[in-house]
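In what follows, a single structure is set out as structure tokens and then discussed.
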Amino acid sequence: MKTLKALLAELGAGEELINSCTDCELYFKDELSQLKEDYENKLAQSEIDKIVETTLVSFGAKNNLAVKALLNLENAQLENGTVKGLNEQLGKIKAENGYLFKSEQSITAGSHNSFSSNDFDGMSDEQYYSIKYGKEN
């Protein structure tokens, strides 16, 4: 495969044009590598954001935005499908700011009965209303 410089030389282009095209070629290579790096960084940040959101839900955060503001994610790194140090940070935040998280009872509230959320046909009216409104009727 011939380079642009070689093709221009064959066509009898002047040295100035050949150098100009070479400069353009180098510029676009640099631009392309910068765009690729930016894309990879944005993709990694998107993955980190998704993992953080999912982890906040599993920790029972009442307000993800408020809890996320307390996290130090400046140098967050992906490690085996998780964000390195995220669970430790959330554990500390939960211990210091428990009001930002649901109680352990409310996180597992749906699992204390044998009915799934779509199995309303097998429930009595009392069971249905206790799940729907969170109280006995």
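The values are calculated or read from the model by the stated rules, or taken from the named source; none is laboratory data. The structure presented is a predicted model; accordingly, all values stated were derived computationally and were not measured. Reconstructed Cβ throughout: ideal geometry from the backbone, glycine too, with neighbour counts over all protein chains shown.
Could you list, in sequence order, all residues of region 24-66 that are touching a residue at least 24 places away in the same chain (Cβ under 8 Å), closer than 17 Å to residue 82 by Cβ and part of a helix (DSSP H, G or I)? 44, 47, 48, 51, 52, 55, 56, 59 - these are the residues of region 24-66 that are touching a residue at least 24 places away in the same chain (Cβ under 8 Å), closer than 17 Å to residue 82 by Cβ and part of a helix (DSSP H, G or I). Exactly one of (1) surrounded by 11 or more Cβ atoms within 10 Å (Cβ to Cβ); (2) at pLDDT below 90 is unmet by residue 84. Its number? Result: residue 84 fails condition (2) only. Would you confirm, using the coordinates I've provided, whether residue 16 is part of a helix (DSSP H, G or I), among the charged types (D, E, K, R) and over 15 Å from the mean Cα position of the chain (by Cα)? Yes: the conditions hold for residue 16.
Given the criteria farther than 30 Å from residue 6 by Cα, exposed (fewer than 10 other Cβ atoms within 10 Å of the Cβ), at pLDDT below 90 and out of contact with any Gly (no Cβ under 6 Å at 6 or more places or on another chain), does residue 104 qualify? For residue 104, the condition - farther than 30 Å from residue 6 by Cα, exposed (fewer than 10 other Cβ atoms within 10 Å of the Cβ), at pLDDT below 90 and out of contact with any Gly (no Cβ under 6 Å at 6 or more places or on another chain) - is met. Looking across region 67-102, just one residue is part of a loop (DSSP other than H, G, I, E, B) and among the acidic types (Asp, Glu), and that is 74.
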